[in-house]
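Trainee: The structure follows.
The values are calculated or read from the model by the stated rules, or taken from the named source; none is laboratory data. All figures in this text were calculated on a predicted structure; none of them were measured in a lab. Note: ideal-geometry Cβ built from the backbone for every residue, glycine included; neighbour counts use all protein chains shown. For accessibility, only protein heavy atoms count, side chains too; no ligands or nucleic acids. Shrake-Rupley method; radii C 1.70, N 1.55, O 1.52, S 1.80 Å.
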Protein chains: 2
Amino acid sequence: MTAETSLTARAAALDAADALAPLRDRFLLPEGVIYLDGNSLGALPAAVPEAMTDAVHRQWGTGLIRSWNDNAWWQAPQRVGDAIGRLIGAAPGQTLAGDSTSVQLFNALAAAARMRPDRPLLVTDPGHFPTDQYIADAVARLLGLRVHRVAPGELPGFLAAEGSRVAVAGYAPVDYRTGELHDMAAITGAVQEAGALMVWDLCHAAGALPLEVDRLGVDLAVGCGYKFLSGGPGAPAFLYVAARHQAAFDHPLTGWNGHADPFGLGGDYTPAAGIARARIGTPPILSLLALEAALTAFDGVDLARVRAKSLSLTGFLLDCAEALLAGLGFTAVTPREPERRGSQAVLRHPEAYALVRALAERGVLGDMRAPDLLRFGINALYLSHREVLAAMCALRDVAREGEHRQERFRRRSPVT
Amino acid sequence: MTAETSLTARAAALDAADALAPLRDRFLLPEGVIYLDGNSLGALPAAVPEAMTDAVHRQWGTGLIRSWNDNAWWQAPQRVGDAIGRLIGAAPGQTLAGDSTSVQLFNALAAAARMRPDRPLLVTDPGHFPTDQYIADAVARLLGLRVHRVAPGELPGFLAAEGSRVAVAGYAPVDYRTGELHDMAAITGAVQEAGALMVWDLCHAAGALPLEVDRLGVDLAVGCGYKFLSGGPGAPAFLYVAARHQAAFDHPLTGWNGHADPFGLGGDYTPAAGIARARIGTPPILSLLALEAALTAFDGVDLARVRAKSLSLTGFLLDCAEALLAGLGFTAVTPREPERRGSQAVLRHPEAYALVRALAERGVLGDMRAPDLLRFGINALYLSHREVLAAMCALRDVAREGEHRQERFRRRSPVT
């Protein structure tokens, strides 16, 4: 029996036993595509098109300005926020949807730093997604702080030495490049032990695995709506502010939507009570309603089961890679231990860019991160083991036949 | 002949001579509604539904991640920005669409203040829309400036005394309450004469009248996409940065989309060249594409003619109010002189809130601004003189019959 035959049998058995398989019908996936880039842009949930038609024709076209009240547009940031809150372990009234992740990071880091006015340091991960690092620098510059870049593994040592000077720590549970999963409880505990505030970037975790921001006592968190939440391109981000911090949340971007009496139209800013004070300006309602419809794909879904299936898929992908790609120049990057793995599987190869492009031509969509990582995002709501195997077979064939060395696969334009 | 008969004849004659009347077909307005709130949320342009269906099904659903390149999502902020630029008199490469007006105000005011590091004052209008004032205060606090609130009429005197200490002036050409139009050229000239930078908030002007930001030498400007641009609820805002300032534009919100090499994923921020450096995070593509489709309603439209029709409609509204509402407690607020009038007509009445609600029940949609202003926004692309007259007749009937004094019209919930 060849490796491929054996893997085919295993995939069939795993898929046959997959209790989540019916969830795939909650998404509209195109024919002929194996979609392994849901960690960059989630697939289209089946509930979205009708929701958008309703939003455009009935709510905007017919309801016009009245829809701010009649269709509760005004409440949408908090309503959608609470829906996301259910997926990250946040009780209602602590999560808000709106703006981009970058803007929400700015709000979270700046507001957190203002809660620790006597501490001069902002700590973040040198391997953090770039925008997290840039925004940390921007906040530090505006507030007169210094940024230290400390890898998660070195954080305990750093905090032992400098912890009393740290105002805020900004980290992500999942490394966006390697897919490595860090220990949120341990890091949160260490940061808070030092008296600093913990700001998590949940972009690569929300919707992919069970999160428990309330139970872990997380201070603030942000995340995006378009990866595992499948809210659409550039879907609004979210901000979580633990209830105990809301009264002290001193917003750096005091837009009128966060005012205690937004229609009183006074010239001085008085923040609203609760999470509403984290609002800024008028949110992009169409994108927000698309995200709200997308989140219904999670209705009745147990994220513990999503996590179990995701680990099965990523583990299977690494098995396929090991069995099928031997001798073709690939190295597995994502940790093998389930507790150290997010919801993507990553391989290293010097020709990553061309390989990803050649794979795309075969209908297998992954992505790459410079300079040499092939990323395969696993959304367990719509993927199967059979697809994972087919993707790895395609990658083997592309690499073995040198298909990716054709001129048209050379690097050109931006690829997200 | 009664006043109403005479006004009816005049409306018919004006509408018959209206060369812009066919533009109404570019919008989908509901039956039985006279829509006088397009200065708060523009009506649905006919091009939007199909564009949204395409964006959802083909671009997102089928194109998936590939649409960032294949459907040029990545370029959308600049492409839509240039389309708005054409309506505000900005040559290409200076206008960017994205985020909310509040966030763009923050960017504009902070970046402008950083270009005048030795000047400690930020000047804004005490009658400015609240978010403009709140954000000015927020920027001043972060950058160590002081905010002075100076009415447009008192600005020359203030600048004569304090001009050399002013870093930035933030004003709006159209007063959002009264509809008064200020002299952009004179104010821009006075501010720049003092060596300060001029930041205009064009929310109530873009799409309503011809603007010439390039010709006037405006430094920076912002505006929203959902009023006269009819881009949909919470449509992305825009930011204009004159080409001569772009190299010095020092972004306070350094998100990865504004990086010179966003996919290089380096940990240090290097701003992109040109207007691209004003980008922040990933924009809400669905809302952005709705705005882009909406802007096609302006294709081939001469804004000078839109302005002429708008003045005819607002002037006619004030005439109707004078003739029909005498003795009912209304006062006209919007200036009579065309050169001092934006694209709305405003009446004062102590029962403004209830009157606007009672009017809405008759299908006449305006809005109110606390405590006592009835605002009637005039979008000349889809309104007629006949509708303006019908609205004022309805208001007369409501007020005369005391219809608005019914219990159900008492103030309750937020109304935008």
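Trainee: Within 10 Å of each Cβ of B:287-300, how many other protein chain Cβ atoms are there on average?
Mentor: Mean inter-chain Cβ contacts per residue within 10 Å come to 2.
Trainee: Shape verdict for the range A:101-172, please, from the Cα gyration tensor: rounded (a/c under 1.5), prolate (a/b greater than b/c) or oblate.
Mentor: Numbers: a/c = 2.00, a/b = 1.15, b/c = 1.74.
Because a/c hits 1.5 or more and a/b fails to exceed b/c, the range A:101-172 counts as oblate.
Trainee: With the contact rule set at Cα under 8 Å and sequence spacing of 6 or more, what percent relative contact order holds for chain A?
Mentor: Values: 809 pairs, mean separation 92.4, N = 416.
Once normalised by length, the contact order is 22 percent.
Trainee: Take the alpha carbon gyration tensor of the range B:246-293, find the square roots of its eigenvalues, order them as a ≥ b ≥ c, and report rounded if a/c is under 1.5; if not, report prolate when a/b exceeds b/c, else oblate. Could you put the intermediate results ahead of the total?
Mentor: Working: a/c = 2.51, a/b = 1.65, b/c = 1.52.
In terms of gyration-tensor shape, prolate.
Trainee: Moving on. With r as the distance between the Cβ atoms of B:Asp268 and A:Glu407 and R0 = 41 Å, compute the FRET efficiency 1/(1 + (r/R0)^6) and round to 0.05. Walk me through the intermediate numbers first.
Mentor: On the way: r = 33 Å, r/R0 = 0.80.
After rounding to 0.05, the efficiency reads 0.80.
Trainee: So, R0 is 45 Å and r is the distance between the beta-carbons of A:Ala186 and B:Thr62; what FRET efficiency does that work out to, to 0.05? Working shown, then result.
Mentor: Values: r = 42 Å, r/R0 = 0.94.
E(calc), rounded to 0.05, equals 0.60.
Trainee: Rounded, prolate or oblate: which fits the protein assembly as shown when a ≥ b ≥ c are the square roots of the eigenvalues of the alpha-carbon gyration tensor, with rounded for a/c under 1.5 and prolate only if a/b beats b/c?
Mentor: It is prolate, given that a/c is not under 1.5 and a/b is the larger ratio.
Trainee: Please build a GNM for chain B, connecting alpha carbons under 10 Å apart, and tell me which residue among B:His182, B:His259, B:His57 fluctuates the most.
Mentor: In the Gaussian network model the winner is B:His57.
Trainee: Right, next: Which value in Å is the Kirkwood Rh of chain B over different Cα pairs?
Mentor: Numbers: mean 1/r = 0.0447 Å⁻¹.
Its Kirkwood hydrodynamic radius stands at 22.4 Å.
Trainee: Given the options A:Gly255, A:Gly329, A:Gly234, which has the most mean-square fluctuation in a GNM of chain A, springs set between C-alpha atoms less than 10 angstrom apart?
Mentor: Most flexible of the set in this elastic network: A:Gly329.
Trainee: Long-range amide H contacts for A:His148: which residues qualify at under 5 Å (H placed 1.01 Å from N, peptide plane, sequence gap of 5 or more or a different chain)?
Mentor: Counting only residues 5 or more places away or on other chains, the set is A:Leu122, A:Val123, A:Thr124.
Trainee: OK, next. Run the label-point distances for A:Gly89 please: 7 Å along Cα to Cβ, every other copy, nanometres, shortest first.
Mentor: Ordered by distance, the counterparts are at 5.7 nm.
Trainee: Taking a probe of 1.4 angstrom, what is the accessible area of A:Glu154 in Å², to the nearest 10?
Mentor: Taking all protein chains as shown, A:Glu154 has close to 120 Å².
Trainee: Let me ask something else about it. Would you pull out the residues with amide H under 5 Å of B:Val222's amide H, same chain only if 5 or more places away, H placed 1.01 Å from N?
Mentor: Amide H neighbours of B:Val222, under 5 Å, 5+ apart: B:Trp200, B:Asp201, B:Leu202, B:Tyr240.
Trainee: Take each of the peptides A:75-88, B:94-107, average the number of other beta-carbon atoms within 10 Å over its residues, and list them starting from the highest.
Mentor: On the way: A:75-88: 22.4, B:94-107: 29.3.
Top to bottom by mean Cβ count within 10 Å: B:94-107, A:75-88.
Trainee: Output, in nm with one decimal and in ascending order, the distances from the A:Thr5 label point to the matching label points of the other copies (7 Å from Cα along Cα-to-Cβ).
Mentor: The answer, with the shortest distance listed first, is 9.9 nm.
Trainee: What does the structure give for B:65-72 when I average, per residue, the other chain Cβ atoms found within 10 Å of the residue Cβ?
Mentor: Working: counts 17, 7, 3, 9, 5, 0, 1, 1.
For peptide B:65-72, the averaged partner shielding equals 5.
Trainee: Mind giving me the FRET efficiency for A:His245 and B:Ala21? R0 is 60 Å, r the Cβ-Cβ distance, nearest 0.05 is fine. Please list the in-between numbers first.
Mentor: Numbers: r = 56 Å, r/R0 = 0.93.
Taking R0 as 60 Å, the efficiency between A:His245 and B:Ala21 is 0.60.
Trainee: Count, for each residue of A:52-59, the Cβ atoms from other chains sitting within 10 Å of its Cβ, then give me the mean as a whole number. Each step should come with its number before you reach the end.
Mentor: Numbers: counts 8, 4, 0, 5, 11, 6, 1, 2.
The mean count of partner-chain Cβ atoms within 10 Å per residue comes to 5.
Trainee: Taking the Cα centre of chain B as the origin, how large is its charge dipole in debye, to the nearest 20, when only Lys and Arg (+1) and Asp and Glu (-1) carry charge on their Cβ atoms? Before the final figure, lay out each step's value.
Mentor: Numbers: 39 positive and 44 negative charges, 98 e Å.
Dipole size: approximately 460 debye.
Trainee: Additional query: By how many nm would the segment from A:Arg215 to A:Arg141 grow when fully extended, if each residue of separation counts as 0.36 nm and the alpha-carbon distance is taken off?
Mentor: Numbers: separation 74, 0.36 × 74 = 26.64 nm, distance 3.26 nm.
My answer for the length gained is 23.4 nm.
Trainee: Given H placed on each backbone N at 1.01 Å, which residues far from B:Val364 in sequence or on other chains put an amide H within less than 5 Å of it?
Mentor: The answer is B:Ile34.
Trainee: Still on this structure, I have one more. Around A:Pro156, with a cut-off of 13 angstrom between Cβ atoms, what is the net charge of the other residues, counting Lys and Arg +1 and Asp and Glu -1? Display every interim value, and only then the final one.
Mentor: On the way: positive: none; negative: A:Glu154, A:Glu162, A:Asp183, A:Glu193.
With Lys, Arg at +1 and Asp, Glu at -1, the net is -4.
Trainee: To one decimal in nm, how far is B:Ala21 from the same spot in the other copies, if labels go 7 Å from Cα toward Cβ? Please give the shortest first.
Mentor: Result for B:Ala21, in nm, nearest copy first: 6.4.
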